[in-house]
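FYI, it's all coordinate maths here, none of it is from the lab. Note that this is a predicted model, so its numbers are computed, not measured. Here the Cβ is made from the backbone with ideal geometry for all residues, glycine too, and neighbour counts use every protein chain on show.
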Amino acid sequence: MAAGKPSAVDERRAQFARYKQDVKARGKSFYPFAMFEDTVMSLVVVTVIVALAAVWKWTAWAPHHLGTHQGLLGPEYTAPADPGTTNFVPRPDWYFYFLFYLLRIFKWPETVFLGTVGVPTIALILLIALPFYDVRRERRLSRRPVAVVGLVLTILSMAILTWKGATASEALASEVIADVPNWISAEKLPPAAVPGAKLFAVAGCTACHTYLGTGSSNLGAPDLTTIGTRNLGIAFQIRHLQCPSCVNPGSPMPKFASLGTTRLHELAVFLEASKGKK
Amino acid sequence: MSTRRRQPSRMQQAVDFPLDWLEERSGLVGGVKYFLFRKVPADTNWMQTLGSATLTAFLVQTVTGVILAMYYQPTPNDAYASIVNITDHVTLGWLVRGMHKWGASVFIILMFLHMGRVFLFGAYKYPRELNWVLGVLLLVMGMAEGFTGYLLPWDQTAYWASVVGINLNGTAPFLGPWLAQFLRGGQDIGAETLARFYSLHMLVIPGAIFALIGLHLYLVIRLGVTSPPWSKEAAGADRADEPSQLREGLTRPAARGAGESE
Ligand code: HEM
């Protein structure tokens, strides 16, 4: 390696040695110069956090002395957790919206896996490995076109996914329950199936399943309008509701064992009675 | 050496004595001095305060979190009531909980902004690759902290978001079902789950974050921070007076002619 062009490794070592020399020769002392800016920025951060906490408190609680009131930044807390009544739309904190929405893109059962694990894992690997595949020494943006395009695309797709996740509308229990009479007449449900139908409307099933066009399909959950035609049986339905992944391995459907056997039985009767429009 | 400096004042002695004592036994004073008076590139800018701003946000989480832990009860029966108590009755409890809740979002945003600045500067390149990897681990840990903390108020939002979140983990191949089972601590989401999330949220993950931040800052100090790449005086920039043999590979003659004053 005596003569000829220096290798890429030599070049970057030389550059780092030069960096150290330059900093030594013309650098500034961290204290007080850089530290001043750091301190100012930290004060801004703490102020912003305190301000957010204050706005949250004074718009949510102050007007009615009610912690569940929806202020500018959301309520202090919602109703206590109740595993029995599932009439709640599951929604993560905002920084998971992009994942949340990614799942909705992969609606079909065979592809759910891509949304939950496949795409996020690949993205994470690409992120961690960045310094190992982008090995050029160049740091100026004008000479890193691929990096710039990649950055813009990443920011765009994260922003769009987060935005879509934030505005995605789920059917609210109150709206779904209004549809129950239509279900009864359209599918000619027997009276025994009515309690199950109401339960279905409020138990959060429509966050993933559609029924006669109501609800939104998520995580590859099937439309249940005609689930009864498959004659899976009451016993199977109850077992599936108690522990979906025990019956259908890998099922992302939550367990509903907490509803209790009576209510599970009502649900099962409703599902088995759902034979489609008559 | 017969000439001695003027005898230091009493005041000076009172400060020096404990410092010298500590330095002689630990070397800590020298360490802090090295940290404070080390040279950084002359052209660092405001974007480079984002890392320490992230650290500040994390420290806010630590302090407020410790206070919350003094009042919070990690059981399904009491969790909700203790959160209501903290928010509406404990003196300034709303402030502590509000800062913790909103500080979490600020922390995550700052991590992303800091990462963006590192990307723009190309600061993840040799020799700082490891610090990028540590950074991504910090990002993942930060989000895991958000996920585990979200369940703790044990209200409807918390509960159902976690039900779905845990079940999503369960869809991953191989490790998925195992991970979901581990997080749940049983067949259903209940007391075991809450205890697990609490322990992860206040011991395991923050511990990991502290350790990672320690390593991260060690590397920042050891390697130094990069100059903005567009800076005319960027530390380490290619130079004309480089031995020609090295320069050949370092610079592209065409690009060089085009207006880069040296
Ligand atoms: C808890 C979260 C984090 C803390 C407290 C933290 C703290 C810091 C601090 C104080 C610096 C010094 C320079 C500056 O402020 O810009 C720094 C530099 C750096 N950080 Fe972070 N950081 C965190 C997360 C991350 C993340 C998510 C990444 C990227 C994936 C990252 C990658 C880097 C790199 C590569 C440097 C060196 C930059 C340079 O030399 O110019 N860090 N970090």
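List of remarks:
- The aspartates and glutamates within cross-link reach of B:Lys39, meaning a Cα-to-Cα straight distance under 13 Å and a gap of 8 or more places when in the same chain, are A:Asp22.
- A Förster radius of 51 Å, combined with the Cβ-Cβ distance separating B:Val15 from A:Arg143, puts the computed FRET efficiency at roughly 0.50.
- Derived value for the range A:120-264: Kirkwood hydrodynamic radius 19.1 Å. Basis is the mean of 1/r over every pair of different alpha-carbon atoms.
- Label-point separation in nm, A:Ser7 to A:Thr121, each point 7 Å along Cα→Cβ: 3.5 nm
- Computed from the Cβ-Cβ distance with R0 of 30 Å, the FRET efficiency linking B:Glu24 to A:Arg26 stands at 0.30.
- For B:Ser199, A:Ser142, B:Ser105, the sequence from fewest to most other C-beta atoms within 10 Å is A:Ser142, B:Ser199, B:Ser105.
- Axis angle, to the nearest 10 degrees, between helix B:28-37 and the longest C-alpha principal axis of chain B: 70 degrees.
- Multiplying the residue separation of B:Leu130 and B:Ala211 by 0.36 nm and removing their Cα-Cα distance gives an extension gain of 27.7 nm.
- Simple spin-label estimate for A:Phe132 and A:Glu175 in nanometres, 7 Å along Cα-Cβ: 4.6 nm
- Hits among lysines - C-alpha to C-alpha of A:Lys164 under 22 Å, sequence gap 8 or more where chains match: A:Lys107
- Contact order relative to length of chain A, as percent, for alpha carbon pairs under 8 angstrom and 6 or more apart: 17 percent
- 10 Å-binned pair-distance histogram of the protein assembly as shown (Cα, whole percent): 3, 14, 22, 21, 16, 11, 7, 4, 1, 0, 0, 0
- Using a Gaussian network model of chain A in which every pair of alpha carbons under 10 angstrom is joined by a spring, one finds that among A:Gly71, A:Gly228, A:Gly215 the greatest mean-square fluctuation is at A:Gly71.
- All lysines inside 21 Å of B:Lys33 as judged from Cα atoms, apart from same-chain residues fewer than 8 positions distant: A:Lys20, A:Lys24, A:Lys28
- Report summary: the helix-based calculation at 222 nm, which adds -39500 (n - 2.57) for every DSSP H run with n ≥ 4 and divides by the residues of chain B, gives -21500 deg cm²/dmol.
- The orientation-averaged shadow of the Cα convex hull for the range A:28-80, equal to a quarter of the hull surface, comes to 4.8 nm².
- The alpha carbon convex hull volume per residue for chain A rounds to 216 Å³.
- Its relative contact order, with pairs defined as Cα atoms under 8 Å and 6+ residues apart, puts chain B at 21 percent.
- Degrees, to the nearest 10: A:35-60 long Cα axis against longest axis of chain A: 20 degrees
- Sites B:Ala191 and A:Thr68, calculated FRET efficiency, Cβ-Cβ separation with R0 30 Å, nearest 0.05: 0.80
- Mean per-residue shielding of peptide A:70-76 is 3, counting Cβ atoms of other chains within 10 Å of each Cβ.
- Neighbour-count ranking [beta-carbon atoms within 10 angstrom, fewest first] of A:Thr39, A:Thr261: A:Thr261, A:Thr39
- Its Cα gyration tensor gives the range B:46-226 an equivalent ellipsoid; the semi-axes, largest first and in whole Å, are 32, 21, 12.
- Database note for the protein assembly as shown: Cys without another Cys beta carbon under 4.7 angstrom, A:Cys205, A:Cys208.
- Note on A:Ala54 and A:Glu37: the extension gain reaches 3.5 nm, defined as 0.36 nm multiplied by sequence separation minus the Cα-Cα distance.
- Our coupling estimate for the range B:74-89, obtained by passing each phi through the Karplus curve with A = 6.51, B = -1.76, C = 1.60 and θ = phi - 60°, is x, 10, x, 6, 10, 4, 4, 4, 5, 5, 4, 4, 4, 6, 10, 10 Hz, Gly and Pro reported as x.
- Under 5 Å between amide hydrogens, built in the peptide plane, is the criterion, and for A:Ser274 it picks out A:Gly228 among residues at least 5 positions away or on other chains.
- Rounded to 10°, Cα long-axis angle of helix A:8-26 versus longest principal axis of chain A: 70 degrees
- With θ taken as phi - 60° and the Karplus curve 6.51 cos²θ - 1.76 cosθ + 1.60 applied, the whole-hertz 3J(HN,Hα) list for the range B:142-151 is x, 6, 5, 4, x, 5, 6, x, 5, 6 Hz, x standing for glycine and proline.
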